[in-house]
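Peer 1: Mind looking over this structure? Questions follow.
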Amino acid sequence: WDNADFSRGVGTTFYQEFLTLNTAKPPFVRDVEAKVRRYLKSSYSAAWTLKITWEKAPAYAAQTDTQRTITYQAVLTTDGFRSYILMLYQEGGMQWDYTRLPATNVLIGYT
C-alpha cells in the first residue's frame, strides 16, 4: 500500500465487522473461511472478521492526480488463536502511477 490521499474529496474508506462466534455466518465470512482453508490447507472457522475497503482512492499527493484511483480491500480474520489477512485488489492490480509518487520503491502487499 501507499499513502492514499482523500484530502481533495475523492474516494472513501469504509469497514464492516462480522462477529461470528456462536452465530450464523454470512456468505462473505464463509467465503473468507474457504479461501483460508484452500490457500493454507488447514481447517479454519472464523470467530471474527473485519473487511476494510478503500474505494476510488487517489494516491498521495492527490493535488497532482485525482483521476487515477484504486479500489482495494484488506480482510482481517481470526479464530481466536490464528489470525490472517487477505489483501484484495481490483482487476489489474494497483492503478496508481508509481513514477509520480514521492518514493519509487513500491511494493504491493506488505512486509
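None of the figures in this text is laboratory data; all of them are computed from the coordinates on show. These figures come from a predicted structure and were not determined experimentally. Cβ coordinates were reconstructed from backbone atoms using ideal geometry, including for glycine residues, and neighbour counts include every protein chain displayed.
Peer 1: Which of 86, 60, 15 sits farthest toward the positive end of the charge dipole of the stretch 12-100, with +1 on the Cβ of Lys and Arg and -1 on the Cβ of Asp and Glu?
Peer 2: Of the candidates, 86 comes out farthest on the positive side.
Peer 1: If you don't mind, another one. For the stretch 12-100, what is one quarter of the convex hull surface built on the Cα atoms, given in nm²?
Peer 2: That works out to 7.0 nm², a quarter of the Cα hull's surface.
Peer 1: Another question, then. Using Cα-Cα distances under 8 Å and only pairs 6 or more residues apart, what relative contact order does the stretch 12-100 have, in percent? Present the calculation step by step, with values, prior to reporting the outcome.
Peer 2: Details: 136 pairs, mean separation 22.8, N = 89.
Here the relative contact order equals 26 percent.
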